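Visitor: This is the structure, below, for whatever I ask next.
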Amino acid sequence: MNLAITGATSGIGAVAFQELCPEFDQIFLLARNQEKADQLISSLPKNQQRKVVFISLDLSDMHSVKSAANALSKEADQLDVLINNAGGIFPKKEITKDGFELTLSSNHLGHFLLTHHLMPVLLKSGSPKVINVSSEAHRAAKVDFSNLNYDEGRYSSFNSYANVKLFNILFTKSLVEKYGEQGLTSYALHPGVVNTNFGKESDGIFKIFWKLAKPFMITPKEGAQTTIFLAKETIPQKQNGFYFKKNKPLVPSGLARSRDLREKLWKISEKMLKEWL
Ligand SMILES: NC(=O)c1ccc[n+]([C@@H]2O[C@H](COP(=O)([O-])OP(=O)(O)OC[C@H]3O[C@@H](n4cnc5c(N)ncnc54)[C@H](OP(=O)(O)O)[C@@H]3O)[C@@H](O)[C@H]2O)c1
């Protein structure tokens, strides 16, 4: 069984990576910072270190995303579990070199493209699984598909983050609708409010809220448990495409359940990524 994970160089992803390594034959560590990746790999027992393959991936650079998927597909006969975990909230509006707002690129578009290019190798698995790390923040989403880059109005880091975490749930359900008949399962999850590097760079009201929340936050080890559960366990078929919290399905927001919205998101994502598909 093979696993690929993004965002394992810090926080929740690092713990999920460490705890899942013993369970898999080969692990693809997709990260933008090789030094951090090497440190993480050296934290593993020697017999597990040789199972890990580092692949360079920057989710804010679509050429890098496509190259990472190609490199993985050349290395692996099949991919059983893909964990789209990387993400973040960014204080200032930033447009990537590909022309996308950074939060959108790092939390949604990058993973959309990665999953698209990994689909052939995923479908070679007997039971392919895609896990998307979302958030309860999705409940605050207010989506304007005509203004995803905040070309108009004021940029709000929290609004952008809430939107992309909604997109993670919509994407999960779409994956099941499009590939479920070929055996694919997909789940979204909320890890909890976790003391990681997340939010360190934020500003405004969110920064104050995040500072106040620190004493009540759970540890990365606790925050990784739902990801680990979903990666290891066989989930009942009727829960395919569901959103989980503390290892249990949870009903997401009305927007997150909207078929219309997920179809719009899929089409818009494909349109934005046309050059790299
Ligand atoms: N912490 C929470 O309370 C919380 C709550 C709900 C949901 N989440 C979600 O949980 C996931 C993990 O977050 P965390 O709390 O563990 O945060 P974290 O400690 O900041 O880790 C974020 C990870 O994402 C990677 N990353 C960010 N931008 C990237 C890019 N452009 N290309 C490649 N990798 C990139 C980072 O890489 P570097 O090490 O190179 O920076 C890091 O490995 C995120 O999706 C987040 O939205 C977190």
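Visitor: Which of the listed residues, Ile5, Ser42, Leu79, is farthest toward the dipole's positive end in segment 1-79, when Lys, Arg count +1 and Asp, Glu count -1 at the beta-carbon?
Guide: Ser42
Visitor: State the answer as a single residue: which of Ser174, Trp210, Asn149 lies farthest towards the positive end of the charge dipole of segment 2-276, with beta carbon charges of +1 for Lys and Arg and -1 for Asp and Glu, about the Cα centre.
Guide: Value: Trp210.
Visitor: Still on this structure, please answer the following. Stretched out fully, how many nm does the piece from Asn33 to Gln182 gain, at 0.36 nm a residue minus the Cα gap?
Guide: Value of the extension gain: 50.2 nm.
Visitor: Set the Förster distance to 35 Å, then compute FRET efficiency between Lys97 and Ser156 from the Cβ-Cβ distance, nearest 0.05. Write out the running numbers ahead of the final one.
Guide: Working: r = 23 Å, r/R0 = 0.65.
About 0.95, to the nearest 0.05.
Visitor: Report the extension gain between Leu250 and Gln49 in nm, rounded to one decimal, defined as 0.36 nm multiplied by the number of residues separating them, less their alpha carbon distance. Provide the component values of the computation, followed by the final result.
Guide: Numbers: separation 201, 0.36 × 201 = 72.36 nm, distance 3.55 nm.
That pair, Leu250 and Gln49, stretches by 68.8 nm at full extension.
Visitor: Taking 51 Å as R0, compute the FRET efficiency from the Cβ-Cβ separation of Arg257 and Ala71 and round it to 0.05. It would help to have the intermediate numbers written out before the result.
Guide: On the way: r = 36 Å, r/R0 = 0.70.
Between Arg257 and Ala71 the formula returns 0.90.
Visitor: Find the relative contact order for segment 139-272 and round it to a whole percent, using C-alpha pairs within less than 8 Å whose residues are 6+ positions apart. List each step's numbers first, then the result.
Guide: Numbers: 131 pairs, mean separation 42.4, N = 134.
Reported relative contact order: 32 percent.
Visitor: Take Trp276, project a point 7 Å from its Cα along the Cβ direction, then tell me which residues of segment 91-112 have their backbone nitrogen under 14 Å from it.
Guide: Residues passing the 14 Å test: 95-112.
Visitor: With a 10 Å Cβ neighbour count serving as the proxy for reagent exposure, in which order, fewest first, do Val130, Val143 appear?
Guide: On the way: Val130 26, Val143 19.
Listing Val130, Val143 from fewest to most nearby Cβ atoms yields Val143, Val130.
Visitor: Length gain on complete extension for the stretch Met1 to Ser127, per 0.36 nm per residue less the alpha carbon to alpha carbon distance? The partial results should precede the final answer.
Guide: Working: separation 126, 0.36 × 126 = 45.36 nm, distance 0.99 nm.
Going from the current span to full extension adds 44.4 nm.
Visitor: What ranking of Lys97, Lys66, Lys173 emerges when the number of other C-beta atoms within 10 Å of each C-beta is taken as an exposure proxy, fewest first?
Guide: Numbers: Lys97 10, Lys66 18, Lys173 23.
Ordered from fewest to most neighbouring Cβ atoms within 10 Å, Lys97, Lys66, Lys173 come out as Lys97, Lys66, Lys173.
Visitor: Let me ask another. DSSP beta bridges in the chain, what fraction antiparallel, as a percent rounded to 5? Could you put the intermediate results ahead of the total?
Guide: Details: 3 of 29 bridges.
Bridges in the chain are about 10 percent antiparallel.
Visitor: Would you work out the charge dipole size for the chain about its Cα centre, treating the Cβ of every Lys and Arg as +1 and the Cβ of every Asp and Glu as -1, and quote it to the nearest 20 debye? Show your work: numbers first, answer last.
Guide: Values: 35 positive and 27 negative charges, 128 e Å.
Here the size comes out at about 620 debye.
Visitor: Return one quarter of the surface area of the convex hull spanned by the alpha-carbon atoms of the chain, equal to its mean projected area, in nm². Mind showing how you got there, number by number?
Guide: Working: hull surface 54.0 nm².
That works out to 13.5 nm², a quarter of the Cα hull's surface.
Visitor: Under the classification rounded if a/c is under 1.5, otherwise prolate if a/b is larger than b/c and oblate if not, where does segment 147-200 fall, given a ≥ b ≥ c as square roots of the Cα gyration tensor eigenvalues?
Guide: Details: a/c = 4.40, a/b = 1.50, b/c = 2.94.
Oblate.
Visitor: Counting other C-beta atoms within 10 Å, which of Glu101, Glu19 has the fewest, and how do the rest follow? Please report the intermediate quantities before stating the final value.
Guide: Details: Glu101 23, Glu19 16.
Lowest count first: Glu19, Glu101.
Visitor: Considering only C-alpha atoms, what is the centroid distance from segment 37-58 to segment 184-214, in Å?
Guide: 25
Visitor: Right, next: Order these peptides, 70-83, 187-200, 256-269, by their mean beta-carbon neighbour count within 10 angstrom, highest first. Walk me through the numbers before you get to the answer.
Guide: Details: 70-83: 18.9, 187-200: 21.4, 256-269: 16.3.
By packing density, highest mean first, the sequence is 187-200, 70-83, 256-269.
Visitor: Would you work out the relative contact order for the chain, in percent, from Cα pairs under 8 angstrom that are 6 or more residues apart? All intermediate terms of the calculation are to be shown ahead of the outcome.
Guide: Details: 507 pairs, mean separation 55.0, N = 277.
Relative CO of the chain lands at 20 percent.
Any read-out appearing in this document is the output of simple, stated calculations on the displayed coordinates, not a laboratory observation. These figures come from a predicted structure and were not determined experimentally. Counting neighbours? That spans all protein chains shown, and the Cβs are built from the backbone with ideal geometry, glycine included.
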